[in-house]
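Here is the structure we will look at.
The values are calculated or read from the model by the stated rules, or taken from the named source; none is laboratory data. Keep in mind the model is a prediction, meaning the values are calculated, not measured. Here the Cβ is made from the backbone with ideal geometry for all residues, glycine too, and neighbour counts use every protein chain on show.
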Amino acid sequence: MADIKSQAERSKNMSAIRSRETKPEIKIRKALFAKGFRYRLNVRKLPGTPDIVLPKYRTVIFVHGCFWHGHEHCYLFVVPTTRTDFWINKIRINKENDNKAIENLLHDNWKVLTIWECSIKGKYKLKFDELIDKTVSFILSDEKQQVMRSSE
Ligand SMILES: [Zn+2]
């Protein structure tokens, strides 16, 4: 069958894909791969479409932007002074969806790691090796949930 997608549609799809591929996330994936972990990406059938899924360890990883996901008490989360209500409302909905997704995943026996953006970039980021070590120990542990954030 002929490709009936218009050029505009195609480039729209491409940019949607690019926006999910944040650089720090790629770095984390590569490091995990180098340590022998195999994963799947953006598994849509799982609640919240986790960024990284390690089926063998029944572990999912979310890499969350501090602004979009409303990271509380984080220097990267600053509500804009214009259209403030719009942003507060939008971010509140994102947070509600995140919490619901995590709840459902835990209920289905998945282990859930949330890596906040501030732990991988910016002035208070963790040392990358440390971050990967922590990630690996979580994957191999019996813990159900962990959150990584900046050292601030
Ligand atoms: Zn943060």
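Mind listing whichever residues of the range 134-149 are assigned to a loop (DSSP other than H, G, I, E, B) and under 15 Å from the mean Cα position of the chain (by Cα)?
Arg149
State which residue is farthest from Ser150 (Cα to Cα) when the search covers only the range 109-127 and only residues that are touching a residue at least 40 places away in the same chain (Cβ under 8 Å) and more than 16 Å from the ligand (Cβ to nearest atom).
Asn109
Output the residues belonging to the range 65-96 that are more than 9 Å from the ligand (Cβ to nearest atom) and in a loop (DSSP other than H, G, I, E, B).
Of everything in the range 65-96, those that are more than 9 Å from the ligand (Cβ to nearest atom) and in a loop (DSSP other than H, G, I, E, B) turn out to be Trp68, Gly70, Val78, Val79, Pro80, Thr81, Thr82, Arg83.
Name the single residue, out of those in the range 135-152 being within 16 Å of the ligand (Cβ to nearest atom) and surrounded by 12 or more Cβ atoms within 10 Å (Cβ to Cβ), that is nearest to Thr59 (Cα to Cα).
Only one residue tops the list, namely Gln146.
What pairs can you find where one residue is in the range 78-90 and surrounded by 10 or more Cβ atoms within 10 Å (Cβ to Cβ), the other is assigned to a helix (DSSP H, G or I), and their Cβ atoms are less than 9 Å apart, with a gap of 6+ or different chains?
Once the first residue is surrounded by 10 or more Cβ atoms within 10 Å (Cβ to Cβ) and sits in the range 78-90, its partners that are assigned to a helix (DSSP H, G or I) give Val79/Trp87; Val79/Ile88; Val79/Ile91; Pro80/Phe86; Pro80/Trp87.
Of the residues in the range 31-57, how many are among the charged types (D, E, K, R), surrounded by fewer than 16 Cβ atoms within 10 Å (Cβ to Cβ), assigned to a loop (DSSP other than H, G, I, E, B) and within 16 Å of the chain's Cα centre (by Cα)?
Here the count works out to 2.
Mind listing just one residue for me: the one in the range 104-125 that is among the charged types (D, E, K, R) and over 16 Å from the mean Cα position of the chain (by Cα) and, of those, modelled with the highest pLDDT?
Ranking the qualifying residues of the range 104-125, first place goes to Asp108.
Just to be sure I understand the filter: pairs with C-beta atoms under 8 Å, separated by 6 or more residues or on different chains, first member in the range 51-66 and charged (D, E, K, R), second member within 16 Å of the ligand (Cβ to nearest atom). Which pairs pass?
Correct list of pairs: Asp51/Glu25; Asp51/Ile61; Asp51/Phe62; Asp51/Val63.
Please go through the range 103-133 and give me each residue that is surrounded by fewer than 20 Cβ atoms within 10 Å (Cβ to Cβ), not acidic (Asp, Glu) and not in a loop (DSSP other than H, G, I, E, B), ordered by number.
Asn104, Leu106, His107, Phe128, Leu131, Ile132 - these are the residues of the range 103-133 that are surrounded by fewer than 20 Cβ atoms within 10 Å (Cβ to Cβ), not acidic (Asp, Glu) and not in a loop (DSSP other than H, G, I, E, B).
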